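Worksheet: one structure, shown below.
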Amino acid sequence: MLAEAIELQNTAVTQLYEKLNGKDEITFRAPTGSGKTHMMADLMNRVLGKNKDVVFLVSSLSKSDLARQNFNKFCQYSAEGEFSQLKPYLISSEIAGEERLFIPMGLNVYLLPRDLYKQGGRLMQGAMESFLQNITFAEAFGGCGKKIYLIKDECHVATNNLDNLSKTYFSKIINFSATPQLKRGQNPDVEISDDEAVQAKLIKHIELGDDSATVADAIEKYESIKESYRNLLGVNPCLIIQISNKDKADFEWNNIILPELNKAEHQDLKWMLIVDDPKKCETNDVFKAKKIPVARWKDYAKDNAAAIDIIIFKMVISEGWDIPRACMLYQIRDTKSKQLDEQVMGRVRRNPRLLDFETLSKEAQQLAMTAWIWGIMPESGKKVFRVKLWDEPTDITNVLKLRTTRLKRLDKKDDFYIAKYLSSQPKVSCYGSIFELYRKLKKADFAIKEMCYSYSNNISKWFEFTEHLEGISAESNKFICDYSQSMEIVKDEIGKDHVVSFPVESQYVDNGNYLNISDWVWRRVDGQNKFAFDSDAERTWANIIKDLVSDDIDGQKIGKRIQVGKRNPKAGNITLFGEEPEKVETANKYLWGKNYPYNSTIKYEYCLGAVHSSYPDFIMQDRFNRIHLFEVKSLNPSKAMPAVFDSLEYKLKLEELKRCYKQASLLTGYIFYLPIFRDDVWRIMRLQNGNEDALTEEQFKNFIRIRP
């Protein structure tokens with residue numbers, strides 16, 4: 001699992017823990033697939049580790065058995081020692097012969113399927129309230145004298161009966177959801193955005209299909225990637241088709257989908273239709289012939305190696321059924337609910353190779369991180385726009401060439417040998433538990449794990465390595481964080497500097513903060529010049545560069561310009577008169593642009609607890625052929641971004657980026673900048689030739705204008 005993903009989850013849990021100390025109710029928003037169950041367990045484990053007088057009640061949807069799914073996960077985390085404080089219990093009505101449901105005491109995490117506590121349910125007959133009283137009443141009155149923290153998993157779904165008890169029994173309420181119900185102008189207390197989760201490789205980015213695409217188009221796309229998915233990822237991909245409920249569903253199934261599946265060219269595809277009535281579920285696999293229960297169909301379909309290619313849903317699959325191998329979603333039904341759409345999209349956005357993503361090839365990583373979706377607009381109407389570089393007659397990638405840096409791992413250090421290091425350590429007379437040592441190794445950095453398995457050609461060496469894991473990790477961190485030793489230029493296979501440029505094609509999410517730009521490296525595929533930026537600070541800085549590159553000094557523009565073009569779609573077709581149309585329409589463009597992370601290889605590694613990659617926001621080449629890289633930061637609080645800049649994590653990251661850019665500037669000869677926007681004023685840190693200095697906006701502009 002990538003360090004960025006671990007850090008993102010850990011930071012979110014830390015913020016939740018801190019917020020919980022100051023508020024009685026908090027809301028956490030994170031996209032489906034980002035690891036909410038894991039983060040929930042982490043939060044409970046931290047609280048229980050500090051306060052033995054707390055008991056958690058986790059209210060989960062009973063649809064798709066989400067409560068049991070969470071219970072099994074919590075048991076696994078506890079048994080493996082990852083979150084050892086958890087003692088979970090699943091509240092269930094499956095206790096025969098009892099008039100009143102009994103809930104045992106003495107555990108600290110109780111999972112409640114929401115539908116058990118509804119009007120007429122057995123818990124409503126007094127069992128639930130009796131249980132809550134036993135926990136919260138003082139010991140003098142026969143109770144346990146403990147506090148109950150209520151976690152509402154998928155809190156966007158109403159839990160009225162529990163809410164009625166909140167003031168009496170619950171000391172804290174923690175809301176978890178990908179789509180929390182918030183009042184106008186209200187923001188989650190803690191949030192992992194979709195962009196952050198995609199960047200950390202927790203969830204896939206979305207490629208939206210054409211609005212006019214049919215089911216046949218979606219199946220054709222599935223067929224086109226199926227073999228690559230199997231060969232590169234070892235995973236059988238899955239296309240999900242969601243149809244309407246009630247009467248429209250029968251028409252869609254019988255007249256749109258089934259005729260397509262019955263075509264000769266699709267006879268190799270395995271499919272299943274899942275509806276709310278098990279008797280009406282259909283499949284062309286062996287499940288029905290062998291009279292296997294539908295619940296078993298669904299369990300089978302989740303596995304990465306499952307042979308089911310297409311799953312058609314009549315019922316809502318918004319929660320509880322995780323299918324990481326699902327990578328395509330075609331929606332026929334019109335939900336008219338953005339909240340529901342977001343939940344359904346989460347089904348195809350999970351990373352199917354999250355735990356070992358680092359081991360995949362670049363091509364495999366790109367495939368694993370792509371979700372194709374038709375018929376839904378993500379995140380409250382935000383669109384994804386595709387962009388391409390201007391190319392002919394002069395390719396931008398042939399002119400703008402950059403070197404990047406990476407951090408060497410400990411085993412690449414010139415004077416470090418793992419065998420020599422281990423021989424110098426005190427001998428261990430008795431090795432610890434293999435299970436405990438394995439748990440520690442599992443949490444270690446990927447490079448450490450790789451070093452372990454490279455060194456350990458027998459079980460004795462494995463024990464020797466893992467017994468000294470903390471010392472090796474400390475040595476590794478010490479070396480990697482010393483950029484003067486660990487940072488190096490990325491090399492190619494034959495040892496030459498590996499140069500990169502902007503990706504030929506990328507995309508961005510429409511986050512507002514618009515700016516019209518027609519003379520940089522990018523062109524929108526739809527032909528528009530309106531580009532959106534992640535923040536107001538980014539947009540403002542883009543406008544500064546846009547104006548600066550076109551400044552005329554001594555008869556020359558400040559920005560480097562090259563001639564680019566766009567291929568005429570009629571090029572290559574001979575006309576009636578034997579003439580060939582002109583191949584390109586040419587224009588001059590400035591050599592600067594946004595470094596869109598999707599497909600980008602312009603990155604520089606730094607160390608902050610683990611190795612991370614920095615993708616500078618903007619790249620520019622000036623008329624003197626100097627390369628300028630900008631990582632824009634804002635210290636202005638807003639609704640979209642609360643005032644997090646005062647946090648220790650934010651300050652540490654800024655300092656580490658400065659250290660990284662200092663050394664990178666020394667190795668590459670490029671000029672790095674950290675423009676920081678606060679109260680409408682720019683404070684610009686310039687890192688050049690290993691040195692750091694602070695500039696005002698005007699000083700920066702003058703520096704760019706003057707010949708070096």
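The values are calculated or read from the model by the stated rules, or taken from the named source; none is laboratory data. Keep in mind the model is a prediction, meaning the values are calculated, not measured. Don't worry about glycine lacking a Cβ; one is built from the backbone with ideal geometry, like all the others, and counts go over all protein chains shown.
Among the residues of the range 61-84, are any in a loop (DSSP other than H, G, I, E, B), modelled with pLDDT of 85 or more and aliphatic (A, V, I, L, M)?
No, the range 61-84 contains no residue that is in a loop (DSSP other than H, G, I, E, B), modelled with pLDDT of 85 or more and aliphatic (A, V, I, L, M).
So is residue 276 modelled with pLDDT under 85 and surrounded by fewer than 19 Cβ atoms within 10 Å (Cβ to Cβ) or not?
yes
Scan the range 661-680 for residues that are of a type in the set (Gly, Ala, Ser) and in contact (Cβ under 8 Å) with a residue 60 or more places away in the chain and report the count.
Number satisfying all stated conditions: 1.
For the range 280-304, which positions are surrounded by fewer than 14 Cβ atoms within 10 Å (Cβ to Cβ) and either touching a helix residue (DSSP H, G or I) at 6+ places or on another chain (Cβ under 9 Å) or within 19 Å of residue 219 (Cα to Cα) (or both)?
Selection gives 293, 295.
Please work out which residue is farthest from residue 544 (Cα to Cα), limiting yourself to the range 678-708 and to residues that are among the polar types (S, T, N, Q) and surrounded by 12 or more Cβ atoms within 10 Å (Cβ to Cβ).
688
Here's the yes/no breakdown for (1) more than 26 Å from residue 607 (Cα to Cα); (2) surrounded by fewer than 22 Cβ atoms within 10 Å (Cβ to Cβ); (3) not assigned by TED's automatic domain parsing to the domain that holds residue 108:
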position: 10; (1), (2), (3): no, yes, no
position: 17; (1), (2), (3): no, yes, no
position: 20; (1), (2), (3): yes, yes, no
position: 28; (1), (2), (3): yes, no, no
position: 32; (1), (2), (3): yes, no, no
position: 40; (1), (2), (3): yes, no, no
position: 52; (1), (2), (3): yes, yes, no
position: 68; (1), (2), (3): yes, yes, no
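Please determine, by comparing only the residues of the range 174-216 that are touching a helix residue (DSSP H, G or I) at 6+ places or on another chain (Cβ under 8 Å), assigned to a helix (DSSP H, G or I) and farther than 19 Å from residue 27 by Cα, which one is modelled with the lowest pLDDT.
199
Can you pull out the residues in the range 593-610 that are in a strand (DSSP E or B) and in contact with a helix residue (DSSP H, G or I) (Cβ under 6 Å, 6 or more places away or on another chain)?
604, 606, 607
Just the residues that are over 26 Å from the mean Cα position of the chain (by Cα), part of a helix (DSSP H, G or I), surrounded by 15 or more Cβ atoms within 10 Å (Cβ to Cβ) and of a type outside the set (Phe, Trp, Tyr), please, taken from the range 440-472.
Hits for the range 440-472 are 451, 452, 461, 464, 466, 467, 469, 472.
Applying the selection to the range 476-496, what residues are surrounded by 17 or more Cβ atoms within 10 Å (Cβ to Cβ) and either in contact with a helix residue (DSSP H, G or I) (Cβ under 6 Å, 6 or more places away or on another chain) or more than 27 Å from residue 659 (Cβ to Cβ) (or both)?
Correct list: 476, 479, 480, 483, 486, 487.
Against the condition part of a strand (DSSP E or B), at pLDDT below 90 and either surrounded by fewer than 19 Cβ atoms within 10 Å (Cβ to Cβ) or at negative phi (or both), how does residue 638 come out, does it pass?
no
Being in contact with a Leu (Cβ under 6 Å, 6 or more places away or on another chain) and among the hydrophobic types (A, V, I, L, M, F, W, C) is the filter here; which residues of the range 492-501 pass it?
500
Run residue 645 past the list (1) assigned to a helix (DSSP H, G or I); (2) of a type outside the set (D, E, K, R); (3) modelled with pLDDT of 90 or more and report the number of the one that doesn't hold.
(3)
Which helices (runs of 4 or more DSSP H) does the range 91-173 wholly contain that include 3 or more residues that are at pLDDT 85 or above and assigned by TED's automatic domain parsing to the domain that holds residue 55?
Per the criteria, 127-136.
Taking the criterion of being over 22 Å from residue 81 (Cα atoms) and not in a helix (DSSP H, G or I), would at least one residue in the range 473-485 satisfy it?
yes
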